[in-house]
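One structure is given below, encoded as structure tokens.
The values are calculated or read from the model by the stated rules, or taken from the named source; none is laboratory data. Keep in mind that what you see is a predicted model, and the values were worked out from it rather than measured. Note that each Cβ is placed from the backbone with ideal geometry, even for glycine, and that neighbours are counted across all protein chains shown. Note: accessible area is taken over every heavy atom of the protein model, side chains too, but ligands, DNA and RNA are not part of it. Shrake-Rupley method; radii C 1.70, N 1.55, O 1.52, S 1.80 Å.
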Amino acid sequence: MTTARDKSCINLKLKVWRQKGPDVKGRFEAYKARDISTDMSFLEMLDVVNEKMILSGKDPIAFDHDCREGICGACGTVVNGRTHGPEKGTTLCQLHMRHFSNGDTVVIEPWRSRAFKVVKDLVVDRSAFDKIIQAGGYISVNTGGAPDGNAIPVPQEAAEKAMDAAACIGCGACVAACPNASAMLFVGAKISQYTLLPQGLPEAKKRALAMIGKMDELGFGNCANEAECEKQCPKEISIENIARMNREFLKAGLF
Amino acid sequence: MITCPNRFRRVRHYAVVKSYRRPNLKIMQCDMNWFIRILGSSIGKKLIMALTGLGFCIFLFAHLAGNLTICAGEDAFNSYAERLHALGPLVILTEIGLLFFAVAHVFIGAYLFYENFRARPERYLVKKNAGGRTIGSVTMPYTGLFILFFIVLHLIDFHFVEKTDQTIYQIVLATFSNPGYALFYIVSMIIVATHVSHGFWSAFQTLGVYNSKYMLPLRVMGTIFSLAVGLGFGFLPIYISFIS
Ligand code: HEM
Ligand code: FES
């Protein structure tokens, strides 16, 4: 038993961004993560490091997390230059330590963007995304008796595409991965998920103008079609959604 | 915040509330603010980049076709140049159009570069490419700046040059007989090809044409176009050094 466990344990050198608050200067601190089981998730590895720090009276590393099963969008840091770590289509909470080797140095940084201010250490304020959603990421439905779920026919292909877009969990990795800190994959996915369905069409024009107007106002960068967002998105949202958003915006704005 | 510029809706609204008596002059006056607001947005600026960039691509194609007439000999090349200039006002109109496009492309490109730089005040210590970025896309602002420099030189060398006592063929031959200049020209063409290798498909993505059906054809067309630009223009100085 002991030998088996030893074999599946690794030691890592961590380099973690520490910042006490939003307006304080931060810096990288080096830590050692010892005896990390390769069956752990990345967040559990941070838990182990934090437990030791708490026991020795130090301030633990602050990081966001909630569901720990890849569906809520709360977790996420840049690990060795990649959002949510090196694995494709994986949130940080679902990233297993078996993807790291004994003795690796792991650099952990928060999302970096003017629109996402660091709250503490690895936690950033993503309320900018909420503001974009509030601007138009909804459909208006009159209250009353529940409508028949199948009253409005939806083509299978449209439903599939809308669901692919709706897979976005709003974690902000697209902004973090984008060389220009642009939020266009997020906004593209949100606009697509509505505009592809009949229920979203009545407000399509208003929605496109309002959401993109808000996005510009919040200080995100401009998409240059680098496609890094698509490659680093834990839900592998396609940049096809950005093209659809551009279409929707130009249609709404110019015609 | 951008509001809906749909003027027709307001007209209809008026008709209901005020029982349409007289045309609302305020609405009928040409209010262009909405248009400027749309073009000034992130996607609007990108739209201008895409349209001007694609305009340059068409220009490059025509320019390359014209230049290749040099392979048909001195007379063919000179007569191509003569016939082009015989078009008179059409040429001047195109030149003004291109200048207008160039000013828009350069200034908006520079402004986008500034905005994108500002969008990330604190940089990453480690940043890795996950396979999205290409040499073309990473270097876009720098290749663009170089092209601007090249175009100025190019116009001085071949456009504003004294043409009374020598034909354009002679000018081309004389300029490229300098191996240093020929090399500079070839390098410049590789840089133009690099810019276009990203720019071509990127413009279609910006215009919203991109989807899973068009993805491969557009990427392939972009690669073919940038290869044609690089090889086509880059081949000319080599060809000329052989015939002179
Ligand atoms: C032969 C001349 C040129 C051609 C054919 C060309 C073509 C293009 C095309 C097609 C795009 C893509 C637009 C999009 O993504 O929607 C582009 C982008 C760009 N161009 Fe050019 N361009 C030329 C010259 C220049 C010059 C002279 C500059 C600047 C000094 C420049 C700077 C840029 C920049 C910065 C971008 C990226 C904009 C962004 O996506 O943020 N280009 N170009
Ligand atoms: S904690 Fe919910 S997605 Fe990672």
- Query: So, in nm, how far is label A:Ala146 from label B:Lys213 when the simple model puts each one 7 Å beyond its Cα toward the Cβ?
  - Reply: 3.7 nm
- Message: Placing unit charges on C-beta atoms (Lys and Arg positive, Asp and Glu negative, everything else neutral), compute the dipole magnitude of the protein assembly as shown about its Cα centre in debye, rounded to 20.
- Response: 1640 debye
- Relative to the compact globular guide of 2.2 N^0.38 Å, what is the alpha carbon radius of gyration of chain A, as a ratio? 1.14
- Query: Averaged across the residues of A:185-192, what count of C-beta atoms belonging to other chains lies within 10 Å of each residue's C-beta?
  - Reply: 0
- Query: Just how large is the dipole of the stretch A:9-85 about the Cα centre, in debye to the nearest 20, putting +1 at every Lys and Arg Cβ and -1 at every Asp and Glu Cβ?
  - Reply: 540 debye
- Judged on accessible area alone, 1.4 Å probe, highest first, B:Leu183, A:Leu196 line up as B:Leu183, A:Leu196
- What whole number of Å gives the distance from the Cα centroid of the stretch B:75-96 to the Cα centroid of the stretch A:124-201? 52 Å
- Query: Treating the beta-carbon of each Lys and Arg as +1 and of each Asp and Glu as -1, no other charges, what is the dipole magnitude of chain A about its Cα centre, to the nearest 20 debye?
  - Reply: 700 debye
- Task: Take every residue in peptide A:77-85, count the Cβ atoms of other chains within 10 Å of its Cβ, and give the average of those counts.
- Result: 3
- Arrange the residues B:Glu162, B:Glu74, A:Glu240 by how much accessible surface each exposes, largest first, with a 1.4 angstrom probe. B:Glu162, B:Glu74, A:Glu240
- Query: Just the accessible area per residue of the stretch A:9-118, please: how many Å² with a 1.4 Å probe?
  - Reply: 47 Å²
- Query: Longest span of chain B, sites excluded, free of trypsin sites (Lys or Arg not before Pro) in DSSP loop with at most 12 other C-beta atoms within 10 Å?
  - Reply: B:22-122
- Task: Starting at the first residue of the stretch A:198-211, write each ³J(HN,Hα) from the Karplus equation 6.51 cos²θ - 1.76 cosθ + 1.60 with θ = phi - 60°, in whole Hz, x for Gly and Pro.
- Result: x, 5, x, 5, x, 9, 4, 5, 4, 4, 4, 5, 5, 5
- Positive-pole candidate from B:Asn67, A:Gly89, B:Pro141, dipole of the protein assembly as shown, charges at beta carbon: A:Gly89
- Item | Histogram of C-alpha separations across the stretch A:9-118, 10 Å bin width, % | 14, 48, 33, 5
- Pairs of lysines in the stretch A:9-118 (C-alpha under 13 Å apart; 8 or more residues apart or interchain): 6
- Have a look at A:Gly221, A:Gly149, A:Gly73 and tell me which one the Gaussian network model of chain A (Cα, springs below 10 Å) gives the largest fluctuation. A:Gly149
- Message: How tilted is helix A:156-166 with respect to the longest principal axis of chain A? Cα atoms for both, answer in degrees (0 to 90, nearest 10).
- Response: 50 degrees
- Note on the structure: Spelling it out for A:Met40: with amide H atoms placed in the peptide plane at 1.01 Å from N, the residues 5 or more places away or on another chain with amide H under 5 Å from its amide H are A:Met97
- Largest to smallest accessible area among A:Met245, B:Met221 [probe 1.4 Å]: B:Met221, A:Met245
- Among B:Phe35, B:Phe107, B:Phe77: highest mean-square fluctuation, GNM of chain B, C-alpha pairs under 10 Å: B:Phe35
- Quick one, could you list the DSSP H helices from chain B stretching 20 Å or more along their long axis (Cα atoms) with average Kyte-Doolittle hydropathy of -1.0 or above? B:42-67, B:89-118, B:140-158, B:179-207, B:215-243
- Calculate for chain A the 222 nm mean residue ellipticity that helices alone would give, adding -39,500 (n - 2.57) per DSSP H run of length 4 or more and normalising by residue count, nearest 500 deg cm²/dmol. -10500 deg cm²/dmol
